[in-house]
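Peer 1: Supplied in structure tokens, the structure appears directly below.
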Amino acid sequence: MRRSLAILTVVTSGALAAGAFAVLSPSANAATTLGTAAAAKNRYFGTAVAAYKLSDSVYSGILNREFTSVTPENEMKWDATEPTQGTFTFTAADTIVNRAVANGQKVRGHALAWHSQQPAWAQNLSGTALRNAMVNHVTRVATHYQGKIDSWDVVNEAFADGSSGARRDSNLQRTGNDWIEVAFRAARAADPAAKLCYNDYNTDGINAKSTAVYNMVVDFKARGVPIDCVGFQSHFNPQSPLTADYQANLQRFADLGVDVQITELDIEGSGSAQADSFAAVTRACLAVTRCTGITVWGIRDTDSWRASGTPLLFDGNGNPKQAYTAVLTALGGSATSPSASVSASPDTSPSTGTKTCTATVAVQSWTGGFVATVTVRAGSTAVSGWTAGATLPTGATVTNTWSATASGSTGAVSFANAGYNGSLAAGAGTSFGFQGTGPAPSTTATCTAR
Ligand code: G3I
């Protein structure tokens, strides 16, 4: 899929056209989203996605704007994909995967073999029957998604907590100690291009459990068992906090010749303490060359499996939290980056109290669709509301808008501020976005302030 990126700026004020029109290179802007900032560091920034939430426009808007990788939160698990032995249901997972592929987002597959979330029929199997069912499951699911998955969590959570360094007891473990490598070999045969990961929790620092996983990777590498990556779930809370050896732990695995990924990040808490921990995790990944990306385990706090711990980057209304800004900054981006429109197309409106604004439009497009991110910035006077206007080419239709309200979906479309981002101090900016099908917009945008 070939994508293009264009950033253009048009500046007007209500009655007074105050601006120039400039074509800017992407590098003229500090990245303003998690995905683009991570991409500038050659990494992805992903999130867990629940299929049933995709119709929520706030949710899908943030998903489109911020994330370059998705992990189906539950839809690919054994109970979801093979509820009856031999009968596979991929509808919900397909919805997530096909949408991600269309949007140019990577997909982390999660999870092929796991002791939890097994269908009842599998829970009741043992021995050879269970082993064969597991291999068939891995093969069928990985084959269905062959070519669409960047990384698979082939085996999830197979080691015991605590100091034993032992395997977790489970029905799968009781089929024989080689069940993990059998699953990896089946996944490799089914989808040779996907990176194959082992994924676990409480393995984020250097401890007995992570060392047991480390020793397994050493063994697999020595014996030629296919393994490409290790996932560190990174679910942190006061009982299980981020530790100072986090980066060193990632590095010791990377030194074995596998990629490392932060796969389910969430950190309970709030304010600067939470933000500092998120930033530390982000910096640790950036410091380890083979850390290829970070996935947070949900979008808004209210989407989290631990919602009461407010562990994510967006609040329940979809507004970015302090933790969001900390991550974006750690990635080298800027939530309030110097706008390209300011430097390339200065607002020349008089500072007599006339309310003006600029709209800077960045368009990412591919065959059949586009995503536009618009930065609205107040001129030299504070504004209490704004409307940006874009003219779409024939055949283009806006299908989704976030952080603004669209009027119309074809031709001349106007976007009014949302309730929380209409008031801008002098020189301050905010962003909204829209997604569509058909040819990319001509990037002509106007901005009217009030
Ligand atoms: O779909 C049903 C719904 O029909 C029903 O009304 C509702 C009532 O509780 O339950 C819904 O299913 C729930 C499902 O999430 C979807 O929301 C399950 O009960 C619930 O058990 C399930 O929890 C998931 C959990 O894994 C199960 O182990 C969480 O969403 C999911 O975030 C969590 O993810 C795991 C990773 O896969 C592995 N690492 C740990 C991580 C957090 O536990």
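Peer 1: How big is the gap, in Å, between the Cα center of region 150-181 and the Cα center of region 398-450?
Peer 2: 49
Peer 1: Quote the accessible area belonging to T89 in square angstrom, nearest 10, computed with a 1.4 Å probe and with ligands, DNA and RNA left uncounted.
Peer 2: Around 60 Å² of this residue is reachable by solvent.
Peer 1: Keeping the other protein chains in place, figure out the carbon and sulfur percent of the accessible area of the chain, with a 1.4 Å probe.
Peer 2: Answer for the chain is 52 percent, counting heavy atoms of protein chains only.
Peer 1: Keeping all protein chains in place, calculate the accessible area per residue for the chain (probe 1.4 angstrom), answer in Å².
Peer 2: 37
Peer 1: Over the alpha-carbon set of the chain, divide Rg by the Kirkwood Rh and report the Rg/Rh ratio to two decimals. Could you put the intermediate results ahead of the total?
Peer 2: On the way: Rg = 23.6 Å, Rh = 23.1 Å.
Checking Rg against Rh, the ratio lands at 1.02.
Peer 1: A further question follows. Would you rank R283, R306 by solvent-accessible area, highest first, keeping every protein chain in place and using a 1.4 Å probe?
Peer 2: Sorted descending by solvent-accessible area, the residues read R283, R306.
Peer 1: Here is a follow-up. Among K106/K321; K148/K195; K195/K221; K77/K195; K41/K221; K77/K148, which pairs are too far apart, with a Cα-Cα distance over 22 Å?
Peer 2: K106/K321; K41/K221
Peer 1: Can you sort R300, R223 by solvent-accessible area, 1.4 Å probe, largest first?
Peer 2: R223, R300
Peer 1: Still on this structure, please answer the following. Cα gyration tensor of region 30-88, axes a ≥ b ≥ c as square roots of the eigenvalues: rounded (a/c below 1.5), prolate (a/b > b/c) or oblate?
Peer 2: In terms of gyration-tensor shape, oblate.
Peer 1: Counting each DSSP H run of 4 or more residues in the chain as -39500 (n - 2.57), what helix-only mean residue ellipticity at 222 nm follows after dividing by all residues, to the nearest 500 deg cm²/dmol?
Peer 2: -8000 deg cm²/dmol
Peer 1: Still on this structure: Give the ranking of R188, R174, R450 by solvent-accessible surface, highest area first, calculated with a 1.4 Å probe.
Peer 2: Putting R188, R174, R450 in descending order of accessible area: R174, R450, R188.
Peer 1: Related question: Shape of region 357-449 from its Cα gyration tensor (a ≥ b ≥ c, root eigenvalues): rounded if a/c is under 1.5, otherwise prolate when a/b > b/c, or oblate?
Peer 2: prolate
Peer 1: Right, here's the next one. Kindly work out what percent of the DSSP beta bridges joining two residues of the chain are antiparallel, to the nearest 5.
Peer 2: Working: 57 of 92 bridges.
For the chain, the DSSP antiparallel bridge percentage is about 60.
Peer 1: Taking the full set of protein chains and a 1.4 angstrom probe, give the accessible area of W152 in square angstrom, rounded to the nearest 10.
Peer 2: The accessible area comes out at roughly 0 Å².
The values are calculated or read from the model by the stated rules, or taken from the named source; none is laboratory data. Just so we're clear, the structure is a prediction, and the values are computed from it rather than from any experiment. Side chains included, ligands, DNA and RNA excluded: accessible areas come from the protein's heavy atoms. Shrake-Rupley method; radii C 1.70, N 1.55, O 1.52, S 1.80 Å.
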